[in-house]
Each structure stands twice: as C-alpha cells, then as structure tokens.
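> Please read through the structure below; I'll follow up with questions.
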Amino acid sequence: MKLFFDAHAHVYDLETEPESYIVSSSANSSDWCQILQLAARYEKRVFPALGLHPYEVAGFKNAQEGEALIQRLEQYLKNEPRIVAISECGLDLRYPKIDLQRELLSQQIELAERYHKPLVLHCVRAYSPLQSLLAKRKLNVPLVLHAFRASPEIADWALKRGFYLSFSPRGLRHNHRLERIIAESPSEQILLESDFLANKGYDIEQICAVYQRVSELRTIELSELMFVIRHNAKKVFGLSFDESNIAR
C-alpha cells in the first residue's frame, strides 16, 4: 500500500493507525499534549508539530500570556525530540494585536533556529509585514508557507529565498493563478497538505484529492509526485519512511 504524506493537518484523536503519514500541527496551545500523545501512539505515521497560532495570540489578554506559552513551548522542544516543526505560527491581519503576533512570531523563529526545527507559517493578508520581518533575518532552518494561495509575486519572493510552498485543497480548482504557481514551482520546493481539522478522526480523501489534482496540474504520474513530496518531507522535517509503502 502506497501512503500519502500530509504535510499539515490538525489531527488529535484516532481510533486506528492512519493510512497516511501526517504532520499534526497545533491550532491552539491546548492541543499540544493531545498531539504528543497521539504521535506517541502512532509514532511511525503521526509526527507532532507545536506552535502559537495568530488566532490564539489575538485572544491573549496581555503579552505575559504569550511569554508564558513561549517558555512552555521551549520546554517541549528541549524534552520532546519527536517534535518535527514549530507549527503553526505566523501573522494574520484579520485578527487584532498584530504587534504581539509579530513579537511572538519572532520568538518562535528564534526557537526554531535554536532547536533546529523548521517553521510552518500561517500568513493571511500579512505578507508585507512578514516580508519586513524576514528581511532582517537569514534563516538557517526550512520555512514552509502553509496553505499557500498568495500572488505569483509572493510565490517568486518565497521561492527565491529557498522557502517551501505547501498547497492545500483550498483554491485547487477555478483559481488559474494558483494553478499556474502549482504547475511551475520547482519540484524540490513544494509540499502537499490536507489542512484537515476535526476533534476526532481523519479524512484521507482530502489529501488524496490534493495529490490527484496536483499530479494533473504538473502533468506527472501520481507515484512520481508521491516520491517528490516524500523526498522534500525528508529534507524539511528530517523524517524517514518505510520505503515499501511509497514506491517511485
């Protein structure tokens, strides 16, 4: 059986081992323990990723709440070698407290570099402040723009900086601009994700549909696309896979 690699999903509770490799990312700090427990149960299929989402940051009463969670996140990074990324974190101008979002993202970037973990970024209507923030840094860890749907100009900027574009189900059809980005992005800088979110379970059909559509847009065989994404996942997340499950 060939297994898909899902670079970004929010999976917290499964009754059986999933039929995909999944990076399970937190949407809230309250998810951290549950994700780690799930990854311990299915250690060959589920890989934990923890971070502070801008939606959660927007709800903090003060900066001290964020500082406390950054300290807690660092403790997890020190003590849980299974954590494969800081995810998800970022900037979102739909939510308030953009200055605090920016400050806590900067601190998560520092943690990523200190503990050699890739960053998976959520960025909505905030590419200008994100570009300003990253212009001041020369990152030494991989950076993934999750659920990428931005402009060709942003895609060009990201790819030139060596970042990865991760494509989700959103915008895969009837968005000709995004379809062209998907078709033309370098194979060594793409990832695929379901961005699945539910308190229980996992719908494998979502990631299957993403792979199928991207294979059509890039005009390559599905098995070849699976090989490409697996290879990139190894580079970004430092993962290894059972080679019998994904054939080229």
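FYI, it's all coordinate maths here, none of it is from the lab. Computed from a predicted structure; not experimentally measured. Cβ: placed from backbone, ideal geometry, glycine included. Neighbour counts: every protein chain shown.
> Along its principal axes, what span do the Cα atoms of the stretch 101-248 show, with the longest given first and each in whole Å?
40, 35, 33
> Tell me the relative contact order for the stretch 140-191 as a rounded percent, counting alpha carbon contacts under 8 Å between residues six or more apart.
For the stretch 140-191, the relative contact order is 39 percent.
> Okay, moving on. Return the long-range amide H neighbours of residue 90 (sequence gap of 5 or more, or a different chain), with a cut-off of under 5 Å between placed amide H atoms.
Close amide H contacts, sequence-distant or interchain: 122.
> Need the C-alpha centroid separation for the stretch 165-222 versus the stretch 97-152, integer Å.
Comparing the Cα centres of the stretch 165-222 and the stretch 97-152, I get a distance of 21 Å.
> Considering only C-alpha atoms, what is the centroid distance from the stretch 45-59 to the stretch 16-35, in Å?
If you average the Cα positions of each part, the centres end up 10 Å apart.
> Could you pull out the pairs from 97/138; 44/117; 2/160; 2/78 whose alpha carbons sit more than 29 Å apart here?
2/160; 2/78
> Follow-up. Add -39500 (n - 2.57) for each DSSP H run of 4 or more in the chain, then divide by its residues: what number comes out at 222 nm, to the nearest 500 deg cm²/dmol?
Numbers: 9 runs with 108 residues, N = 248.
Theoretical 222 nm ellipticity from helices: -13500 deg cm²/dmol.
> With labels modelled as points extended 7 Å from the Cα through the Cβ direction, what inter-label distance (nm, one decimal) is found for residue 110 paired with residue 41?
3.6 nm
> Next question, about the same structure. Roughly how many debye, to the nearest 20, is the charge dipole of the chain about its Cα centre, given +1 on each Lys and Arg Cβ, -1 on each Asp and Glu Cβ, and no other charges?
Numbers: 31 positive and 32 negative charges, 131 e Å.
In total the dipole reaches around 620 debye.
> How high is the relative contact order of the stretch 4-242, in percent, with contacts defined as C-alpha pairs under 8 Å that are six or more residues apart?
Numbers: 433 pairs, mean separation 49.2, N = 239.
Answer for the stretch 4-242 is 21 percent.
> If you rank 156, 6 by fewest surrounding Cβ atoms within 10 Å, what's the result?
Working: 156 12, 6 32.
By the 10 Å Cβ count, ascending: 156, 6.
> Going toward the positive end of the dipole of the chain, with +1 on Lys and Arg Cβ and -1 on Asp and Glu Cβ, which of 46, 199, 159 do you reach last?
Towards the positive end, the residue furthest out is 159.
> Could you give each residue of the stretch 90-106 its phi-based ³J(HN,Hα) in whole Hz, using Karplus coefficients 6.51, -1.76, 1.60 with θ = phi - 60°, and x for Gly or Pro?
Values, residue by residue: x, 9, 8, 6, 6, 10, x, 6, 5, 5, 5, 4, 5, 5, 6, 5, 4 Hz.
> Between residue 72 and residue 239, what is the label-to-label distance in nm when each label sits 7 Å out along the Cα-to-Cβ direction?
2.6 nm
> Would you mind computing the Rg to Rh ratio of the chain from its alpha-carbon coordinates, Kirkwood style for Rh? Don't jump to the answer; show the numbers that get you there.
Working: Rg = 17.0 Å, Rh = 18.1 Å.
Rg/Rh for the chain comes to 0.94.
> Let me ask you something else. Could you derive backbone 3J(HN,Hα) for the stretch 154-166 from the dihedral phi with the Karplus parameters 6.51, -1.76 and 1.60 (θ = phi - 60°), listing whole Hz in sequence and x where the residue is Gly or Pro?
5, 4, 4, 4, 5, 5, 5, 7, x, 6, 10, 9, 10
> Considering all projection directions equally, how large on average is the shadow of the alpha-carbon convex hull of the stretch 149-232, in square nanometres?
Working: hull surface 22.9 nm².
Averaged projected area of the stretch 149-232's Cα convex hull equals 5.7 nm².
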